[in-house]
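Input: a single structure, listed below in structure tokens.
The values are calculated or read from the model by the stated rules, or taken from the named source; none is laboratory data. What you see is a predicted model; the values in this text were computed from it and never measured. All Cβ positions, even for glycine, are placed from backbone atoms using ideal geometry, and neighbour counts span all protein chains on display. Ligands, DNA and RNA are excluded from the accessible area calculation, which covers all protein heavy atoms including side chains. Shrake-Rupley method; radii C 1.70, N 1.55, O 1.52, S 1.80 Å.
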Amino acid sequence: SSPTPGDYLRLGIIEYDNNKKQQGWDHIAKALITDTIVELEDPGYRKAIDTVIKDKFGTEQDPTAFVAEYRRQNTQMIPNLILITLENTKIKTRQYDGQVIFVNFFSPTCGSCRQEIPSLKNLYKRFSTRNDVVFIFILNHPNLKQEAIAMFKKSGIVKPVIATLEKGSVWDLIPAEPSIWITDKAGKIAFRHSGYKRGDELIYQRKLLRLIQD
């Protein structure tokens with residue numbers, strides 16, 4: 001499966017400690033902007049990041065302020081995707097400003113997607129009734145609408161918003177399927193993940209809980 005932001009952060013810290021400072025910082029920076037709460041996963045991460053920042057950018061730096069500003073400048077806002085739901089309703093991702101958005105790019109022909117979608121049932125049930133969380137499932141292959149409907153019916157996820165891009169290709173947006181984006185309430189992509197392995201849904205749950213509490 002694809003490396004997680006936590007993987008990049010651990011690798012970067014190890015590299016920096018082993019005097020591969022630029023390579024280490026590149027991996028740490030990638031982790032910070034790929035997942036904007038990655039350092040909360042382990043108490044040791046915050047201390048290690050602080051040490052790296054003070055060493056690389058000067059002891060006068062406030063690491064917390066530095067990370068916040070670095071993310072402000074480098075973290076990507078969710079693009080204002082124009083989507084057509086399977087009910088033929090047009091929606092835009094930016095219409096959900098002020099809400100946490102959980103986006104899943106999937107296909108019924110993708111084996112990992114067929115494993116992941118059922119695993120999201122409890123996550124969807126827990127958070128989809130909240131006013132501050134929105135789930136959008138983007139079908140990567142518009143010609144597979146009936147297969148997608150059957151897939152969700154079998155998974156037990158009730159009344160999901162399934163949509164396709166009005167224009168363009170999802171492959172300009174994601175490296176692999178399935179892919180997950182989770183935004184914060186300001187519309188920044190706070191977490192990205194591609195591929196699926198058992199237990200990923202627990203990671204998504206922790207991310208959502210932290211983002212709705214911010």
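Details
- Within the range 108-127, the set of residues being out of contact with any Pro (no Cβ under 8 Å at 6 or more places or on another chain) and either open to solvent by 20 Å² or more (accessible area, probe 1.4 Å) or more than 12 Å from residue 196 (Cα to Cα) (or both) comprises 108, 109, 111, 115, 118, 119, 121, 122, 123, 125, 126, 127.
- Members of the range 69-113 found to be charged (D, E, K, R), at pLDDT 95 or above and within 19 Å of the chain's Cα centre (by Cα), listed by number: 92
- Tallying residues that are of a type in the set (A, V, I, L, M) and buried (at least 19 other Cβ atoms within 10 Å of the Cβ) within the range 166-202 yields 5.
- The range 171-214, residues that are of a type in the set (D, E, K, R), under 22 Å from residue 132 (Cα atoms) and in a loop (DSSP other than H, G, I, E, B): 184, 185, 214
- Just one of the numbered conditions (1) buried (at least 17 other Cβ atoms within 10 Å of the Cβ); (2) over 20 Å from the mean Cα position of the chain (by Cα) is not true of residue 163: (2).
- Test: residue in the range 74-94 that is among the polar types (S, T, N, Q), in contact (Cβ under 8 Å) with a residue 24 or more places away in the chain and open to solvent by 20 Å² or more (accessible area, probe 1.4 Å): yes
- First in the range 44-64 and free of Cβ contacts under 8 Å to residues at least 24 places away in the same chain and open to solvent by 20 Å² or more (accessible area, probe 1.4 Å), second anywhere and assigned to a helix (DSSP H, G or I) and of a type outside the set (D, E, K, R), Cβ under 7 Å, 6 or more apart: 50/63; 54/63; 57/66; 61/53
- Residues that are surrounded by 15 or more Cβ atoms within 10 Å (Cβ to Cβ) and of a type in the set (D, E, K, R), drawn from the range 27-43: 30, 35, 39, 41
- Those residues of the range 1-26 which are open to solvent by less than 10 Å² (accessible area, probe 1.4 Å) and of a type in the set (Gly, Ala, Ser), in sequence order: 6, 12, 24
- Filter result for the condition that a residue is in contact with a strand residue (DSSP E or B) (Cβ under 6 Å, 6 or more places away or on another chain) and within 24 Å of residue 36 (Cα to Cα), over 104, 131: 104
- Reported count of residues in the range 146-170, each being over 15 Å from residue 135 (Cβ atoms), in contact (Cβ under 8 Å) with a residue 24 or more places away in the chain and polar (S, T, N, Q), is 1.
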